[in-house]
Amino acid sequence: MIKVDNLHRHFGAFRAVDGASLEIATGSITGLVGPNGAGKTTLFNVIAGALPPTSGTVTMDGEDITGLPPHELFHKGLLRTFQIAHEFHSMTCRENLMMVPGGQSGETLWNTWFGRKRIADEERALRAKADEVLDFLTISHLADHPAGAVSGGQKKLLELGRTMMVDAKIVFLDEVGAGVNRTLLNTIADTIVRLNQERDYTFCVIEHDMDFIGRICDPVIVMAEGKKLAEGTLDEIKANEQVIEAYLGTGLKNKDQVATV
Ligand SMILES: Nc1ncnc2c1ncn2[C@@H]1O[C@H](COP(=O)(O)OP(=O)(O)O)[C@@H](O)[C@H]1O
Ligand SMILES: [Mg+2]
């Protein structure tokens, strides 16, 4: 689905992404791991249109999408999740979901005057969609709670829910488990798997928690120093000498620690 070919993103003389080539297969939950500073987030930013590449190409289903702005990628179904912004904290969980789709008729003056019925219909459809998403996430009981008042893990579910408002094809998740307790991490993992199996979402997931990666990701791609170092199942990459070396280079003492990075 996604093919990254010889991608570079430099910051001055520093090569954060340094000739990365990798593929994300349709229907997969692909893990992206690697030591801190490997260039994973920068790679996501380039793929998702937040940063222009220095050189190289990104294609989606054969179409060149290199450097397209996020809103165009959004319309193609390529999304990366963002944390719920502070300004949305006082809105309810349902309203946060209803905010997502662009192009609502309510926005133009013309429609305000002449399209009241259409706006009302659209709001009703949006609300129904938001409620369906909350139901899928098993957080219907939070519909009327302010988003700022729900737990960290529930916010993560809400972030995933925002991708469901637009029926994403591929979703990029950067450290979705950071600061989330084990139980909620499992709920997030289950939700990702359900979206993958029931809604045909493809995922690319950056995560430090190897239990999480091992549970849901196949394949796992290891990135180090701006490029792909290895790819395989979690067991395969854990047994890979180059991978162990890359993690050792960051100060780890033995390969068992790869499991906990
Ligand atoms: N905007 C930037 N300006 C300069 N250096 C950056 C910038 N963004 C990232 N870097 C550097 O690029 C390297 C890779 O960072 P990052 O992509 O965040 O790695 P990872 O997500 O794998 O930990 C780091 O050394 C980081 O300091
Ligand atoms: Mg990062």
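List of remarks:
- Subset of segment 167-183 that is crowded, with 23+ Cβ neighbours inside 10 Å and away from ligand 2 (no atom under 16 Å from the Cβ) - its residue that is farthest from T202 (Cα to Cα): A168
- The condition (being within 12 Å of ligand 1 (Cβ to nearest atom), in contact with a helix residue (DSSP H, G or I) (Cβ under 8 Å, 6 or more places away or on another chain) and modelled with pLDDT of 90 or more) is satisfied by just one residue among V46, V33: V33.
- If the condition is being more than 9 Å from ligand 1 (Cβ to nearest atom) and of a type in the set (A, V, I, L, M, F, W, C), then segment 49-74 contributes A50, V58, M60, I65, L68, L73, F74.
- Yes/no for V180 being touching a residue at least 12 places away in the same chain (Cβ under 8 Å), at negative phi and within 17 Å of the chain's Cα centre (by Cα): yes
- From the list L173, L229, the lone residue that is outside any helix (DSSP H, G or I), within 16 Å of ligand 1 (Cβ to nearest atom) and touching a Phe, Trp or Tyr at 6+ places or on another chain (Cβ under 7 Å) is L173.
- Condition met for K76 (more than 26 Å from E198 (Cβ to Cβ) and under 16 Å from the mean Cα position of the chain (by Cα)): no
- Output for segment 64-85, where each listed residue is more than 24 Å from L158 (Cα to Cα) and either part of a loop (DSSP other than H, G, I, E, B) or of a type in the set (G, A, S) (or both): I65, T66, G67, L68
- Between K156, K129, the distinction of being closer than 27 Å to A38 by Cα and outside any loop (DSSP other than H, G, I, E, B) belongs to K156 only.
- All told, D235 falls short of being loosely packed, with under 15 Cβ neighbours inside 10 Å and not in a helix (DSSP H, G or I).
- Residue match in segment 49-63 (condition: more than 15 Å from ligand 2 (Cβ to nearest atom), part of a strand (DSSP E or B), touching a Lys or Arg at 6+ places or on another chain (Cβ under 7 Å) and not hydrophobic (A, V, I, L, M, F, W, C)): yes
The values are calculated or read from the model by the stated rules, or taken from the named source; none is laboratory data. Small disclaimer: the values here were computed from a predicted structure and weren't measured. Positions of Cβ are generated from backbone atoms using ideal geometry, with glycine treated the same way; all protein chains shown enter the neighbour counts.
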